[in-house]
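Below is one structure, written out as structure tokens; comments come after it.
The values are calculated or read from the model by the stated rules, or taken from the named source; none is laboratory data. In this text the structure is predicted, and so the values were computed from the model without any measurement. Neighbour counts run over all protein chains shown; Cβ positions are idealised from the backbone, glycine included. All accessible areas refer to the heavy atoms of the entire protein, side chains included, with ligands and DNA or RNA removed. Shrake-Rupley method; radii C 1.70, N 1.55, O 1.52, S 1.80 Å.
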Amino acid sequence: MARNKAPSVKPKPKPKQTTDKSAKPRLKNAERSAYFARREAAKVLHTVLQGDANRQAVASIKSLVYSPSIRNKKATFALVCQTLKHLRIIKDVLEIANILNSKWKRQEELIYIIAYDILFGKEISLVGGDAEKFLACRKDAMQSALAKLVVRKKAKNIDDFIALYQPPDITKPCYVRVNTLKLDVDSALHELGKQFKVQKDDMIPHLLVLPPHTDLHNHSLVLNGSIFVQGKASSMVAAVLDPKPGWEVLDACSAPGNKTVHLAALMKGKGKIIACELNKDRAKRLEDTVRLSGAANIEVLHGDFLNIDPKGPFSKVGNIIYCSLTMRDPSTWHIMCSYLRANTLPQVSAILLDPSCSGSGTAAQRLDHLLPSRTTDFVDTERLNKLAAFQKKALAHALSFPAVKRIVYSTCSVNQIENEDVVNSVLPLATSNGFQLATPFPQWQRRGLPVFEGSEHLLRTDPVEDKEGFFIALFVKRGSEKNSEERSGSQKLAGSLSNGKGWLKRSCHVNKKNLALPVFYRGICKPWLHTKSSLTRKTYNSSN
């Protein structure tokens, strides 16, 4: 009888013994991380340099790096800042070595980043991309070009040569503002106190002070919008406007939105804030900030503040709405009047105007001193004149809103032409419209330059002493409490109209035909409405 053979069992493969080569995957991970960090840094650098060339920055370097789209924030921030610090040297090296040809000109920001890594960065193998391979083959030529530059500048060594191009290091405390829509101050103190030395600011409510160079970009309270990293001078602006809960406030030039959401917190989420921003990319940044803050009373308006008619009926810039009204049905009048009451601009009680400016007071904090346009002592007088012209026009426009009680004009500039000169130019208009300058934070010592009578009411912060250079002017309407009562009465009238009371309801019976009413945001159809109103009033009076 044949015996059954036992099934053959294949021996299990022996596990591979770990050797010194086990560190290799880590090296690959490091190379991969460096590869992606360089590309993220190149995208940020492209946005920064493009904004600097056009004199229209989308956001600060920090804001761009700490946006949700950037994964490796720490490495990206370091690469961008260090590349900008060495950019003049890098450009000279590439020119001498004749490296930046037409093919790579389209990716020049990436070339700058990789060139920094080769010349001044860490010893990381440049693998993974064509740009890395291209520059790695030309490493000797780049180092030779750098040596020639050192000789030209008569520097003793490479460190002395680099020091000639380095901007001064400015140290200031780290300020954070507690978003009281999400968290109270004591809870924020407790959470931050677990890791850092923290205390309350002695002047600005809800502002906390931490040691210099405190890194909070990855802190949970920052990521969930419970606190915002915001300078002291910047936090003064909304506090000076001091909007009350229930007010309607217009933030004329809102992006990136830190002051806007500060207003929402001061208003305790009640009332309404119309946040205007003309630039499309900056408007997206504004929307992200509003979303992060959790504020529900902010309406982002992608449009030009100057195009808003202060005496017009609608807040939505550029909208044209056709209401098909059936005169037999009073409910159609109710819909229209509700829209009028909800969107009328004469209800605005306060305006915050923080327009585009030179940013000369916060260049160090924004790292603007690293930008190519700031690396020389040249003053762009033409640009300053254009900025000042826009600022005067915007402030005059803000002063023309009939129901406004408080207006704050602020800049992060130290230039007289953007500050005292702008305020002085609109003083006759402000006086004729019932406004006067008030004194924000009377305990603050630094005031406006003494170039006109009343400049002592203006507030300045010093970029050296206070680490930020800001300017704030507060316009207050005389007898604003009386105006507030009159405004309240007009709101009651609008309420009665929207509820179908008064002559408007009765006029529904004047014409029994369907009527297509064109409603234009800037009062284009005012004559049409006036004619209809007069007709219905006459008909109503004649029937009585």
Determine, yes or no, whether residue 289 is open to solvent by less than 50 Å² (accessible area, probe 1.4 Å) and modelled with pLDDT of 50 or more.
-> yes
Screening 428, 450, 402 for residues that are open to solvent by 30 Å² or more (accessible area, probe 1.4 Å) and either under 24 Å from the mean Cα position of the chain (by Cα) or modelled with pLDDT under 95 (or both) leaves only 402
Among the numbered criteria (1) among the small types (Gly, Ala, Ser); (2) over 21 Å from residue 236 (Cβ atoms); (3) touching a strand residue (DSSP E or B) at 6+ places or on another chain (Cβ under 6 Å), which single criterion is violated by residue 275?
-> (2)
Looking for whichever is open to solvent by 30 Å² or more (accessible area, probe 1.4 Å), within 19 Å of residue 470 (Cβ to Cβ) and touching a helix residue (DSSP H, G or I) at 6+ places or on another chain (Cβ under 8 Å) here; the options are 259, 232. Which one fits?
-> 259
How many residues does the range 273-286 hold that are in contact with an Asp or Glu (Cβ under 7 Å, 6 or more places away or on another chain) and open to solvent by 40 Å² or more (accessible area, probe 1.4 Å)?
-> 1
Residue check, residue 457 within 28 Å of residue 308 (Cβ to Cβ), without any contact (Cβ under 8 Å) to a residue 24 or more places away in the chain and open to solvent by less than 60 Å² (accessible area, probe 1.4 Å) = yes
Residue 373 being of a type in the set (Gly, Ala, Ser), closer than 24 Å to residue 299 by Cα and modelled with pLDDT under 95 = no
Residues (among the small types (Gly, Ala, Ser), more than 15 Å from residue 254 (Cα to Cα) and modelled with pLDDT of 90 or more) located in the range 292-323 = 294, 296
Subset of the range 205-216, residues part of a loop (DSSP other than H, G, I, E, B) and either within 20 Å of residue 266 (Cβ to Cβ) or open to solvent by less than 40 Å² (accessible area, probe 1.4 Å) (or both), comes to 205, 206, 214, 216
Residue selected from the range 169-193 under the condition free of Cβ contacts under 8 Å to residues at least 24 places away in the same chain and open to solvent by 60 Å² or more (accessible area, probe 1.4 Å), by the criterion nearest to residue 469 (Cα to Cα) = 169
From the residues in the range 64-101 that are farther than 29 Å from residue 155 by Cα and open to solvent by less than 30 Å² (accessible area, probe 1.4 Å), which one is modelled with the lowest pLDDT?
-> 67
Would you call residue 225 within 28 Å of residue 405 (Cα to Cα) and modelled with pLDDT of 95 or more?
-> no
In the range 196-204, is there at least one residue being farther than 23 Å from residue 437 by Cα, open to solvent by 30 Å² or more (accessible area, probe 1.4 Å), of a type outside the set (Val, Ile, Thr) and not in a loop (DSSP other than H, G, I, E, B)?
-> yes
